[in-house]
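Peer 1: The following block contains the structure, expressed as structure tokens.
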Number of protein chains: 2
Amino acid sequence: MREVAALAGVSLKTVSRVINAEPAVSDEVRSRVVGAIQRLDYRHDHGASSLRRSDRKTSTIGVLLEDVANPFSSALHREIEDVALRRGVLVLAGSSDEDEAREQQLIAAFTSRRVDGLIIVPASHDHSYLLSERRAGTSMVFVDRPPGFLDADSILTDNQAGTRQGVGHLIAHGHRRIGYLGDLMTITTATERYRGYEQELAAASIGLDPQLVRLNVHGIDRADAATVELLKLTEPPSALFTSQNLLTIGASRALHRLDLHRRIALVGFDDVLLGDLLEPGITVIAQDPSTMGRKAAEQLFRRIDGDQSASVHLVVPTRLITRGSGEIRR
Amino acid sequence: MREVAALAGVSLKTVSRVINAEPAVSDEVRSRVVGAIQRLDYRHDHGASSLRRSDRKTSTIGVLLEDVANPFSSALHREIEDVALRRGVLVLAGSSDEDEAREQQLIAAFTSRRVDGLIIVPASHDHSYLLSERRAGTSMVFVDRPPGFLDADSILTDNQAGTRQGVGHLIAHGHRRIGYLGDLMTITTATERYRGYEQELAAASIGLDPQLVRLNVHGIDRADAATVELLKLTEPPSALFTSQNLLTIGASRALHRLDLHRRIALVGFDDVLLGDLLEPGITVIAQDPSTMGRKAAEQLFRRIDGDQSASVHLVVPTRLITRGSGEIRR
DNA sequence: TTATAAGTTGATAACGTTGTCAATTGAGTC
DNA sequence: GACTCAATTGACAACGTTATCAACTTATAA
């Protein structure tokens, strides 16, 4: 920048003015400076700039996801990116893998880079470690799961209502022995969904048979194995509710292998890519990650822009998509 | 930091030494400083630090993908993240959407934040705009597609050989009229794959019927429509080769709707999640995005660590996964 | 003409940190 | 007792940028 100023025959401050498009520069000087910038191939140092500027904004936000490679997370990520990029803001992304330590490590790395804000899909349950960060002025929005011991904005899915709708759908098709596969109970959404299952059975006066419930099932392979177990029971279920993406895939895989996919009904929570190509197609309670991402990013930027109002808690509704597997009658 | 120094009764420089774990600090002083850091809830400013340090490293890299939400991109992304995080490096990610302008905008945003390196899945074909950036010391590795007018490391898939293997597989099952769906011909990989199709037909002395070829098909819906068109020909193909993920899905969808999925053979380039659940399962030429991501990140960090040797061009092989759809005989 | 205002420009300090180098201390050696 | 050496600490400048404020130029009004 010093060299640019020298070549253009102006002061440092004038170059700064041109770069920041401040109005108080004559056209003649401006074009001289622009020329010098191009000739010297000067690149503005965004970091040094934000260090000195009074707003201290880095135009960077941090996004903590469960895993950037999983479809729900990456759909969120993409929507956040689009909202951010429209404001010239870049996104630092990281995967927690449901690991509390990794969550905190990543968030510490984000904040030491002075991100303007954080969008967090939490793995841990106690976010009081973020209190001082908030006091320091970092905005934050929680997505998919609520913050623990911290008052902050959240954008959630209505897990309980969604599950009730899915389980109710199976009951409406005559099922009374409905198997349940649940993810790790340390995940808030998993416990909420399980509660929805309990409630809907109770509402239909169906007794809960613990044999039909498999909790803390994580990943495709374990879901596959758990499905096989359920179907080997002396009184096997006539329908399955799988409470997560990968569990749905695992269960579907097992049903296909056992050639039971046309006999046992299946409803899954969260949509499955290609779910409509299978025979039968997989009926799901779809979440809406794009909407969640967009709302989260918009809310974050409202906070970054200075909105100090009380915390907002948005619940994004789910949608039942019927494709066949959930409409198999007992 | 000034406050920490005052509270601990030491100089600024000593605090800096403690933070950077420099050896020349007595245990007693160190613990006083650590105590002060905790009491004052001090957070190190990574940006100011890298501005002053002589290596000028930001411990941040930029990753330009086609779309963070597409499975190939996000698998790459995840692998890069893991390699980076092991070194305490964070990842800025962006989606080009195959748009040259957006590629350049994002890369400019990355470099103005002084990233240590770039991993690029290029959308554009002329990367001479990166020459000055390279001269300035930014390391860069290209993935999936080669750089244009720039000598740099690349990690590519063997598109031509993979396509030949897939088309050859169909020929081996008796097909001679093999439809081809290709993505935008502006994408390097799309042209390479098409060339593989041409070559394999020629090698089997099968004349190329232009009616069977649909190029510049982008996205699921257009692939679906193009498939319908091909099957309506007076002499329709008995097999299809779809040269990209989404095209495979679109074609499969069309085949299912027309109830031809057991009659028309299908081989796709790039694996499809759930491809094994369909009936028949989808036979694909699988790429290996995880390996590509890992190799790219490892190569990038070698460069960042000072490796000045000649450009490396790595070709990651593809793998034929037979699941049924490609083994339908004419 | 002079006073005033508006529009340009620059000198300087500061953002939070680390590199450089010099000063201080204490122990060990002859 | 004087010397050397290593270990520890601090003063100061500098990284690339922008905020502040003062100075200058030109135009306009009285």
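The values are calculated or read from the model by the stated rules, or taken from the named source; none is laboratory data. Fair warning: this is a prediction, and the values are worked out from it, not measured in the lab. Quick reminder, even Gly has a Cβ in these numbers, built from the backbone with ideal geometry, and neighbours come from all protein chains shown. Remember, those area values only see protein heavy atoms, side chains included, never the ligands or the DNA or RNA. Shrake-Rupley method; radii C 1.70, N 1.55, O 1.52, S 1.80 Å.
Peer 1: Dividing the alpha-carbon Rg of region B:2-44 by 2.2 N^0.38 Å yields what? Mind dumping the intermediate values first?
Peer 2: Values: Rg = 8.9 Å, N = 43, 2.2 N^0.38 = 9.2 Å.
Ratio of Rg to 2.2 N^0.38 Å for region B:2-44: 0.97.
Peer 1: Quick one: grab the alpha carbon gyration tensor of chain B, order the square roots of its eigenvalues as a ≥ b ≥ c, and give me rounded if a/c is under 1.5, else prolate or oblate depending on whether a/b is larger than b/c. Before the final figure, lay out the partial values.
Peer 2: Details: a/c = 3.28, a/b = 2.65, b/c = 1.24.
It is prolate, given that a/c is not under 1.5 and a/b is the larger ratio.
Peer 1: Continuing with this model, one more query. Which value at 222 nm does chain B reach when only helices count, each DSSP H run of 4 or more adding -39,500 (n - 2.57), with the total divided by all residues and rounded to the nearest 500 deg cm²/dmol?
Peer 2: Values: 12 runs with 141 residues, N = 330.
Only helices count here, giving -13000 deg cm²/dmol.
Peer 1: Using protein chains only (no ligands, no nucleic acids) and a 1.4 Å probe, work out which residues of region A:86-130 have their accessible area cut by at least 30 Å² relative to the chain alone.
Peer 2: A:L90, A:V91, A:L92, A:A93, A:R102, A:Q105, A:L106, A:S112, A:R113, A:R114
Peer 1: Using 1/(1 + (r/R0)^6) with R0 = 60 angstrom and r between the beta carbons of B:R176 and B:V34, what's the FRET efficiency to the nearest 0.05?
Peer 2: Working: r = 75 Å, r/R0 = 1.26.
Rounded to the nearest 0.05, the efficiency is 0.20.
Peer 1: What number comes out for accessible area per residue over the protein assembly as shown if the probe is 1.4 Å? Units Å², please.
Peer 2: Details: 27670 Å² over 660 residues.
On a per-residue basis, the protein assembly as shown sits at 42 Å².
Peer 1: Within region A:46-99, list the trypsin sites (Lys or Arg not before Pro) lying in a DSSP loop whose Cβ has at most 16 other Cβ atoms in a 10 Å radius. Kindly include the intermediate steps, with their values, before the conclusion.
Peer 2: On the way: sites: A:R52, A:R53, A:R56, A:K57, A:R78, A:R86, A:R87; in loops: A:R53, A:R56, A:K57, A:R87.
Here the trypsin sites (Lys or Arg not before Pro) that fit, given the DSSP loop and packing criteria, are A:R53, A:R56, A:K57, A:R87.
Peer 1: To continue, here is another question. Which is farthest toward the positive dipole end of region B:80-144 among B:H125, B:A84, B:Q105, measuring Cα position about the Cα centre, with Cβ charges +1 (Lys, Arg) and -1 (Asp, Glu)?
Peer 2: B:A84
Peer 1: State, to one decimal in nm, how far the label point of A:S205 lies from the label point of A:E229, with both points 7 Å from Cα in the Cβ direction.
Peer 2: 3.2 nm
Peer 1: Now for a separate question. How big is the convex hull of the Cα atoms of the protein assembly as shown, per residue, in Å³? Working shown, then result.
Peer 2: Details: hull volume 121.8 nm³, N = 660.
Considering the Cα atoms of the protein assembly as shown, their hull volume per residue is 185 Å³.
Peer 1: Same structure again: May I ask for the distance between the Cα centers of region A:116-193 and region A:200-262, given as a whole number of Å?
Peer 2: 22 Å
Peer 1: Okay, moving on. What distance in nm separates the two pseudo spin-label positions at B:D55 and B:T322, each 7 Å out from Cα along the beta-carbon direction?
Peer 2: 5.1 nm
Peer 1: Run the count for the protein assembly as shown, please: Lys pairs, Cα-Cα under 29 angstrom, 8 or more apart or on different chains.
Peer 2: Details: A:K13/A:K57; A:K13/B:K57; A:K57/A:K295; A:K57/B:K13; A:K57/B:K57; B:K13/B:K57; B:K57/B:K295.
Qualifying lysine pairs in the protein assembly as shown: 7.
Peer 1: Distance between the C-alpha centers of region B:80-102 and region B:282-327? Whole Å please.
Peer 2: 16 Å
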